[in-house]
Amino acid sequence: MIRRGRAEGWLREPIHRFPTWATFNGIKSNGVSIGPLPRFEHRGSTIIADRELEGAKGGPLLLVPRELIVSRQNIDVVAKSDQHLREVLHALGDFGRTTRGAVLIFLLMQATLCCPDIKDIGVHNPLTEYIKFLPDELLPTFWSEEERDLLTGTTLQPAVRAKLNSLLREFEAVRVATAGISWCAKYWWDEDDGLLAFDDWLRLDAMYRSRALEFPNVGDAMVPGIDMANHASGDATAALYDTDESGNGVLVLRDGKEIREGGEVTITYGDEKGACENIFSYGFIEDGMSSAQIMLLDINIPHDDPLRPAKLYVNTTAPGFRVFEKEGGIQWESDFVWLVVVNEEDGLDFKVKQTVDGNKEIQSFWKEQELNDTLKLRGLLKEDPLWEVFQLRAVVLMQNRVDEQIETLRAVGRPERTDTVREGPWKLAAQLCALELDLLHGARSALESEKATLLETETVQRYLGLVEDGDEDVEEADFT
Ligand SMILES: C[S@@+](CC[C@H](N)C(=O)[O-])C[C@H]1O[C@@H](n2cnc3c(N)ncnc32)[C@H](O)[C@@H]1O
């Protein structure tokens, strides 16, 4: 439906009409306009200074009335007077009460309202027109299979695969939940001429994901006008977004910032987001980005680990680790790795407990102490006399995983671009491969030096039997 609306024009408005819509609906701009920036048209529209701007003087650059904010609370308000929106949100149960669920359905209702084939459904509101100004972002969920294959060995590949699966599940859940509503059955889901397809859900997700920002006291929301600001990190960020005391959305120039007439007023989408997340959520990597910044690598519990099923059952943490740049070095972080590297002989134990309702539950213990959350394991291991040994096992495990990822990326190399691959995805995939390979090499060295330091500790030396230690038994250790 959305693709058709874009092609036929009933779901598309040129951005030069945005100021008329904005003024009519009470958005106040002060020294800025919205449109493409000459020479940077590939970044879509952006906020441009109409005159020289200086510091936070002279009030907000944009003020967006709070009723125009696409937030969960406001959607609830609109739903009070829109029976069709209310019906769908209600049918979706918990998902309809999440911000993401409510916003996607709200956007879908606006597209439905605009569709000339659908009559008497929904209530027009100022935001019905807003969706027409939103461009189609080429996020990786729209890359072809061949384009997605270029991501082999990057952390974006599993992320996109998982996202597509979860989008498909969401779409199916929406279909099943609303198929019993007569107008949804007729206009959205009819086997012959129902208008909705999975592509619509992908488009709604992309609108939300690439434009939602977190606002104080509001949460994640799309704020028309402010969501036209492009991203620049660090000192290059020109403005900050916020809500004022009345709950309106505001865009304010950063203290000390000066923007010349015709210059771009950027915000930050989150400086801590790495290359992978930037492509995933926004479909670009910032010019001049010289590091992937952060990577998430999965780890498996070996199949020959007798405790594997119990470990998987009790695990409450993300099954992997993060490597990231910090203070000029590379660090790692994981709550999961500790569960992988300890075993029964170290003190990890599981017991089956019968619950009051007759069900069975697995409880985990570290040296008789119950671990009601595996997040606590690291803290307990830290107090253990063998802490350095456990750290060494974790470091070796992660180093092996990093090596494996380096090998996959190397094997993929830099494939030639074929006629069926678009330039954008091809360039982004190549940039990401290079940045992630670089970070992996850095992570490898950082883990290597951590390993060397741990190997020098007395605990490890004693554990490995490398120091004389009276009559104590020395166990053979295998860190491979
Ligand atoms: C919140 S929207 C910003 C407005 C958008 N440019 C438009 O035309 O509506 C985010 C999208 O803008 C584009 N974008 C933002 N900052 C960018 C940058 N620094 N370089 C390239 N594209 C950028 C990306 O396509 C991103 O998904």
Output the number of residues of segment 22-63 satisfying the condition of being within 14 Å of the ligand (Cβ to nearest atom) and among the aromatic types (Phe, Trp, Tyr). 1
Can you run down the residue pairs with Cβ atoms below 8 Å, 6 or more apart or on separate chains, where the first is in segment 256-273 and more than 22 Å from residue 51 (Cα to Cα) and the partner is away from the ligand (no atom under 12 Å from the Cβ) and polar (S, T, N, Q)? 272/293; 273/293
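A quick yes/no check of all residues on (1) at pLDDT 95 or above; (2) farther than 25 Å from residue 272 by Cα; (3) within 31 Å of the chain's Cα centre (by Cα):
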{"site": "328", "(1), (2), (3)": "no, no, yes"}
{"site": "332", "(1), (2), (3)": "yes, no, yes"}
{"site": "338", "(1), (2), (3)": "yes, yes, yes"}
{"site": "345", "(1), (2), (3)": "no, yes, no"}
{"site": "355", "(1), (2), (3)": "no, yes, no"}
{"site": "360", "(1), (2), (3)": "no, yes, no"}
{"site": "379", "(1), (2), (3)": "no, yes, yes"}
{"site": "388", "(1), (2), (3)": "yes, yes, no"}
{"site": "396", "(1), (2), (3)": "yes, yes, yes"}
In the set 88, 103, the lone residue that is assigned to a helix (DSSP H, G or I) and within 16 Å of the ligand (Cβ to nearest atom) is 103
Of all residues being in contact with a Ser or Thr (Cβ under 8 Å, 6 or more places away or on another chain) and not in a loop (DSSP other than H, G, I, E, B) in segment 286-310, which is surrounded by the most Cβ atoms within 10 Å (Cβ to Cβ)? Just the residue, please. 295
Across segment 272-285, which residue is nearest to the ligand (Cβ to nearest atom) among those that are surrounded by fewer than 21 Cβ atoms within 10 Å (Cβ to Cβ) and modelled with pLDDT under 95? 273
For segment 94-120, which residues satisfy the criterion of being more than 14 Å from residue 72 (Cα to Cα) and surrounded by fewer than 18 Cβ atoms within 10 Å (Cβ to Cβ)? 116, 117, 118, 119, 120
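Quick grid of which residues meet (1) of a type outside the set (A, V, I, L, M, F, W, C); (2) surrounded by fewer than 13 Cβ atoms within 10 Å (Cβ to Cβ); (3) in a helix (DSSP H, G or I):
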{"site": "418", "(1), (2), (3)": "yes, yes, no"}
{"site": "431", "(1), (2), (3)": "yes, no, yes"}
{"site": "441", "(1), (2), (3)": "yes, no, yes"}
{"site": "455", "(1), (2), (3)": "no, no, yes"}
If the Cβ limit is 6 Å and pairs must be 6+ apart or interchain, which residue in segment 198-218 that is in the same structural domain as residue 188 (by TED's automatic domain parsing) pairs with which residue that is part of a helix (DSSP H, G or I) and among the aromatic types (Phe, Trp, Tyr)? 198/171; 201/171; 210/282
Those residues of segment 51-98 which are over 30 Å from the mean Cα position of the chain (by Cα) and under 19 Å from residue 26 (Cα atoms) amount to 58, 59
Would you pick out the residues in segment 118-165 that are basic (Lys, Arg) and in a loop (DSSP other than H, G, I, E, B)? 119
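The values are calculated or read from the model by the stated rules, or taken from the named source; none is laboratory data. A quick note: this is a predicted structure, and the numbers were derived from the prediction, not measured. Virtual Cβ from ideal backbone geometry, glycine too; neighbours counted across all protein chains shown.
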